[in-house]
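Trainee: There's a structure below that I have some questions on.
The values are calculated or read from the model by the stated rules, or taken from the named source; none is laboratory data. Note that the coordinates shown come from a computational prediction; the quantities given were computed from them, not determined experimentally. Note: ideal-geometry Cβ built from the backbone for every residue, glycine included; neighbour counts use all protein chains shown.
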Amino acid sequence: MESPAPTASRRPLSYAAVFLVLAVITGIELGVKGLGLPRAATNVLFLLLSLGKASLVAAFYMHLRRDNRIYTAVFVLPVILFVVFALATIVI
């Protein structure tokens, strides 16, 4: 038995909630710059916040949250590799 499709009234609410979370994360990014942290710490924070924002966009606006897991893996693997290599360049 298939699960019922999401109602039209519920979908815009989740999109609006995700939009608000993205706006809050952007505000946090703007605040991080003014903290005067060391450059490496600022870069790591920006990477983590950007990864969170990218994950939200991919999950909700690109609909990867409800898609086949292979599509999610194809999207997530390069992101993980990028983060690993970016952090490696910061450390080295």
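Trainee: I'm checking my understanding of the structure. Among residues of the stretch 8-24 that are of a type in the set (A, V, I, L, M, F, W, C) and farther than 12 Å from Lys53 by Cβ, which one is modelled with the highest pLDDT?
Mentor: Filtering the stretch 8-24 for residues that are of a type in the set (A, V, I, L, M, F, W, C) and farther than 12 Å from Lys53 by Cβ, the one modelled with the highest pLDDT comes out as Leu20.
Table: residues versus (1) modelled with pLDDT of 85 or more; (2) in a helix (DSSP H, G or I).
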site	(1), (2)
Gly31	yes, yes
Gly36	yes, no
Leu45	yes, yes
Ser50	yes, yes
Phe60	no, yes
Asp67	no, no
Ala73	no, yes
Leu81	yes, yes
Ala88	yes, yes
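Trainee: So, in the stretch 56-73, how many residues would count as being surrounded by 15 or more Cβ atoms within 10 Å (Cβ to Cβ) and either touching a residue at least 24 places away in the same chain (Cβ under 8 Å) or in contact with a Cys (Cβ under 8 Å, 6 or more places away or on another chain) (or both)?
Mentor: Step one: filter the stretch 56-73 for residues surrounded by 15 or more Cβ atoms within 10 Å (Cβ to Cβ), giving 56, 58-60, 64, 72.
If we keep only those that are either touching a residue at least 24 places away in the same chain (Cβ under 8 Å) or in contact with a Cys (Cβ under 8 Å, 6 or more places away or on another chain) (or both) too, we end up with 56, 60.
Qualifying residue count for the region: 2.
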